[in-house]
Amino acid sequence: MSIIFVVALVSLMPLGITALILACYKWHHNRRLTHPLSESMRHPPGARIGQKLGAKLLAVGSDISQLCLVSLLPLLLYSLPSQPSIWFAVYILPWGAGIAYIMRKIIKRQESIRNYRLGYECELVVGQELNLLMRNGWDVFHDVPKNSGNIDHIVVGAAGVFAVETKGRSKRLLKGQKQYQVTYKNDILYFPNGSNKKTIPQARRNSKWASQWLSRATGQDVAVSPVVVLPGWYIDQEGAADVPVIALGYIQGYFRKQKGQMLNDEQMKQIVYQIDQKVRDLKPGEITDFSKDK
């Protein structure tokens, strides 16, 4: 057996033994513990996208482990009695293809991680800002599940019900300066590095779905207004629009302007109850269980 393979094998053995010991210790320790929480929890801001982010991070760790194992294959082949000229074409080319395939997966996952991280942090900061409305009598819910996907936030108050869609987008650097302005015109968001035609129709669909669901659940007509928040951007609106698009810093001012008495206390109570039941389905430990969302 080649001395190179022996050295590699001896170097990896302590890592494998350490991993086995840690796994046994974790199993032995956890089987004597139980979670202190017994009731389901409400969804925090960005719960769904946070689970996707965690799953992608775990997947990258798995890909890196595969890459390390596949990288050791030449050492094993080198220890075989065959001549290098014989096994080169048979083994090295598939090995190189395997390395390239795993590297491609890692690069694609890294791009997804960047997008998920941006979306998660934007939903989190918008959710934190919306939570401040509760000091003024509003009820705020996050990550409300629907038939397909979710509604980022729903805000309920005497002035009505609002479905808030958060849209995170990176800023473009031009000569070292951040491009901060987005133009909102004819249902399209024009960013310095492209346009977005999907967000405004998506906000309308979310509010329509929420209106239909709450109307059925409460037995009364419930109107839900769509709102879009773009954290970190300055919005230049051209022309009238039925879907407001606001910056993060305008959230408090926007909802302070909603002073009409659209809902009485009983209506608000029924609506809040239905939404609360919808978002209160996270079992203890489930929020950090990333194995369910690859």
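No lab work stands behind these numbers, since they all come straight from the coordinates. Predicted model only: the values in this text are computed from it and were never measured. Reconstructed Cβ throughout: ideal geometry from the backbone, glycine too, with neighbour counts over all protein chains shown.
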query: How high is the FRET efficiency between Ser65 and Asn150 when r is their beta carbon distance and R₀ equals 25 Å, given to the nearest 0.05?
result: 0.20
Label-point separation in nm, Met41 to Val272, each point 7 Å along Cα→Cβ: 2.2 nm
Table column - 3J(HN,Hα) (Hz), the range 134-150, Karplus curve with 6.51, -1.76, 1.60, x for Gly and Pro: 5, 5, 10, x, 7, 10, 10, 10, 10, 6, 7, x, 9, 3, 9, x, 7
- request: Evaluate E = 1/(1 + (r/R0)^6) for Gln258 and Trp95, where r is the Cβ-Cβ distance and R0 equals 41 Å; express this FRET efficiency to the nearest 0.05.
  value: 0.05
task: Have a look at the DSSP beta bridges in the range 136-281 and tell me what percent are antiparallel, nearest 5.
output: 60 percent
field: Förster radius 25 Å - calculated FRET efficiency between Ile107 and Ile287 (Cβ-Cβ, nearest 0.05)
entry: 0.30
statement: The convex hull of the Cα atoms of the range 136-281, divided by residue count, gives a volume in Å³ per residue of 121 Å³
- prompt: In what sequence do Glu165, Glu121, Glu266, Glu39 fall when counting other Cβ within 10 Å, fewest first?
  reply: Glu39, Glu266, Glu121, Glu165
query: If Lys and Arg each add +1 and Asp and Glu each add -1, what is the summed charge of the other residues whose beta carbon sits under 13 Å from the beta carbon of Thr166?
result: -3
query: If each of Tyr234 and Leu174 carries a label point 7 Å out from its Cα toward its Cβ, how far apart are those two points in nm?
result: 1.3 nm
